[in-house]
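Below you'll find the structure, written out as structure tokens, and then a few comments.
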Amino acid sequence: MDVKLTNQKLKNKEPSEIITWVLSLKKKTIVTTNFGPYEAVILDMVVKEKNNVDVIWIDSGYNTRATYIYAEKLIKLLNLNLHTYIPLVSAKRRDTLMNGIPEINSPLHEEFTNQVKLEPFRRAMKDFMPEIWLTAIRKEQTAFRKNLDIVTMDEKGITKVAPLFYFDEQYLKNYLAE
């Protein structure tokens, strides 16, 4: 796939059109979620197109009560084909050994991040071995993401597609209101 050319073709497409295009490729596709406030947008768009796409959730064990309630509501409402990955070490054990969630500048923070996010994510990717990874990242979210695009290729050859990349928070609010 010519990533640069593909991004040019997709830049002015609606997110639902991008998802339709991705699923038409007939490649092993997953969508990841953290069940944040706007995750329902990509999840809804994906299940409207194909209702059995594998949905991967890395549940760190540190989400808020509201997030867990929201997740359960979406799982049922959208009938998600959900696969949840949790850290190998329990939150209670980690909190005891690390004295709670380490501050960002703590030497323990990197290990914490590895345990609650990276290791479960690597395990999910190994189990599912996707060719395409749908994600809800958007350009406006961070300085790093400003340098990305709708379609990127990771170091392992997985095509990462962000259908909502050029859409702002207001677009997401409007979609959810509808």
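The values are calculated or read from the model by the stated rules, or taken from the named source; none is laboratory data. Predicted, not measured: the structure shown is a model, and the values here were computed from it. Reconstructed Cβ throughout: ideal geometry from the backbone, glycine too, with neighbour counts over all protein chains shown. SASA here: full protein model, heavy atoms, side chains in, ligands and nucleic acids out. Shrake-Rupley method; radii C 1.70, N 1.55, O 1.52, S 1.80 Å.
Data for the structure
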quantity: DSSP-defined beta bridges in the chain - what % are antiparallel, rounded to 5; calculated: 15
quantity: Rg [Å, one decimal], Dmax [Å, integer] - region 32-178, C-alpha atoms; calculated: 16.2, 46
quantity: Simple spin-label estimate for Arg93 and Ala177 in nanometres, 7 Å along Cα-Cβ; calculated: 4.7
quantity: Euclidean distance of C-alpha centroids, region 1-80 and region 110-125, integer Å; calculated: 20
quantity: Accessible area per residue in Å² at 1.4 Å probe, computed on the chain; calculated: 60
quantity: Gain in span if fully extended, Glu49 to Lys9, counting 0.36 nm per residue against the direct Cα distance; calculated: 12.4 nm
quantity: Difference of contour (0.36 nm per residue) and Cα-Cα distance, Asn79 to Glu119; calculated: 11.7 nm
quantity: Listed residues Thr135, Thr96, Thr32, most fluctuating in the chain (Gaussian network, C-alpha, under 10 Å); calculated: Thr96
